[in-house]
Amino acid sequence: MRERSGSCSRPWHERHRVMLPIPSRRRVVALIALACAACTTPPQPRHAWEDRLQGNAIVLLGEVHDNARLHRLRLEVLERAVAAGWRPAIAMEQFDRDRQGEIDRARREAPGDARHLIAAAVTPSRQPGAGWNWDLYRPVVQLALRHGLPLIAANLSNAETTRIVRAGMPAVFDDATIATLGLDRPVDAAWQRAQEREIDEGHCGALPPTVLPKMAQAQMARDAVMALVLRRHAATGVVLLAGDGHVRRDIGVPRWLGPESARIFSVGFLEEGHEVAMAPAFDAVVLAAPAPRDDPCEDFVKQHRSR
């Protein structure tokens, strides 16, 4: 799915880490943008909706993965909430759920060391240059460590989603887990079509139509797993940090939260120019200028048409 909250050229495979490396030039641009956002832009004023970030709130804060300014704005929101006394668990899309043990072990080995935690918790295929720009996420990890907040790995791994695409939910989950996640319930046709449309557009129209339902199933599995993480921490308050596509109320994680969905507050962190189409999918939005980036569809389409 293309990240409509970001750029119309921001494809699903980049947002969901389908093993395509980040070009070094783009990484340099992102690092420069991060430095500029952190050093030259004053903190933004507090939003009225930040009153919702307290107690046992379930809060979903989105992102455009490569927009350093939006990362900084989201961090400021979290810093203000923590300074006001909120102590939520922080669940992150960027950490695969099978790495929770490494996260916990790294905290015991080197308390307060965000670099050590990231190095220990990230699988080799997720190391810098292989999907996530960890320089953008390290301040959030440091915030969690500084204040002793639970840090939760919230996502399926790429290996798991690949198995789902190839062989369905039973390739990853047993029957009891499928039922717990809610993946045994029918998905209405409009929701299914919306997911397939997002995946098709995000892959630049280069995928065969027959694969779209399978990839939509994998995307829903990701959202259902993140929703389960939120339910497990709902009693004491939890915030999910994930791409804007995941935190959308219409087709994302909120659809899988069940009774807790009435308690959630979802914030889209969007690039300017996309708020008209995307804003209705969130309870609130934060805007920033689009990040500088090449059109990733150009190379992606060439690769798939040459196969």
Any idea which residue in region 226-273 is farthest from Pro290 (Cα to Cα), counting only those that are of a type in the set (Lys, Arg) and in a loop (DSSP other than H, G, I, E, B)?
-> Arg249
Condition test on Gly101, is it modelled with pLDDT under 95 and either under 16 Å from the mean Cα position of the chain (by Cα) or assigned to a helix (DSSP H, G or I) (or both)?
-> no
Extreme residue, surrounded by the most Cβ atoms within 10 Å (Cβ to Cβ), among residues of region 56-87 that are closer than 27 Å to Ala289 by Cβ, in contact with an Asp or Glu (Cβ under 9 Å, 6 or more places away or on another chain) and β-branched (Val, Ile, Thr) = Val64
Evaluate region 88-97: report whether one residue or more is assigned to a helix (DSSP H, G or I), crowded, with 18+ Cβ neighbours inside 10 Å and in contact (Cβ under 8 Å) with a residue 12 or more places away in the chain.
-> no
The condition from (1) free of Cβ contacts under 8 Å to residues at least 40 places away in the same chain; (2) in a helix (DSSP H, G or I) that Ala221 misses is numbered (1)
Per the filter on region 166-176, residues surrounded by 16 or more Cβ atoms within 10 Å (Cβ to Cβ) and outside any loop (DSSP other than H, G, I, E, B) are Met169
Taking region 225-260 only, how many residues are among the aliphatic types (A, V, I, L, M) and within 13 Å of the chain's Cα centre (by Cα)?
-> 9
Kindly list the number of the only condition in (1) surrounded by fewer than 16 Cβ atoms within 10 Å (Cβ to Cβ); (2) closer than 24 Å to Gly168 by Cα that fails for Gly243.
-> (1)
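Mind listing just one residue for me: the one in region 98-112 that is in contact with a strand residue (DSSP E or B) (Cβ under 7 Å, 6 or more places away or on another chain) and of a type outside the set (Val, Ile, Thr) and, of those, surrounded by the most Cβ atoms within 10 Å (Cβ to Cβ)?
Arg99
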For Phe282, are the conditions met, namely being crowded, with 19+ Cβ neighbours inside 10 Å, aromatic (Phe, Trp, Tyr) and over 21 Å from Trp132 (Cβ atoms)?
-> yes
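Give the residue that is surrounded by the most Cβ atoms within 10 Å (Cβ to Cβ), with candidates limited to residues of region 177-189 that are over 23 Å from the mean Cα position of the chain (by Cα) and hydrophobic (A, V, I, L, M, F, W, C).
Here the residue is Ala179.
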In the set Leu183, Leu207, which member is more than 23 Å from Glu93 (Cα to Cα), assigned to a loop (DSSP other than H, G, I, E, B) and not hydroxyl-bearing (Ser, Thr, Tyr)?
-> Leu207
List every residue pair whose Cβ atoms lie under 6 Å apart, where the two residues are 6 or more positions apart in sequence or sit on different chains, the first residue falls within region 257-277 and is surrounded by fewer than 24 Cβ atoms within 10 Å (Cβ to Cβ) and of a type in the set (Val, Ile, Thr), and the second residue, located anywhere, is part of a helix (DSSP H, G or I) and modelled with pLDDT of 95 or more.
-> Ile264/Pro254
Taking region 160-176 and keeping residues within 22 Å of the chain's Cα centre (by Cα), under 23 Å from Leu230 (Cβ atoms) and hydrophobic (A, V, I, L, M, F, W, C) leaves Ile164, Met169, Val172, Phe173
Tell me which residues, restricted to region 198-223, are surrounded by fewer than 22 Cβ atoms within 10 Å (Cβ to Cβ), closer than 30 Å to Val59 by Cβ and modelled with pLDDT of 95 or more.
-> Gln217
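The values are calculated or read from the model by the stated rules, or taken from the named source; none is laboratory data. Computed from a predicted model, the values in this text were never measured in an experiment. A quick note on method: Cβ atoms are made from the backbone with ideal geometry, for glycine too, and the neighbour counts reach across all protein chains shown.
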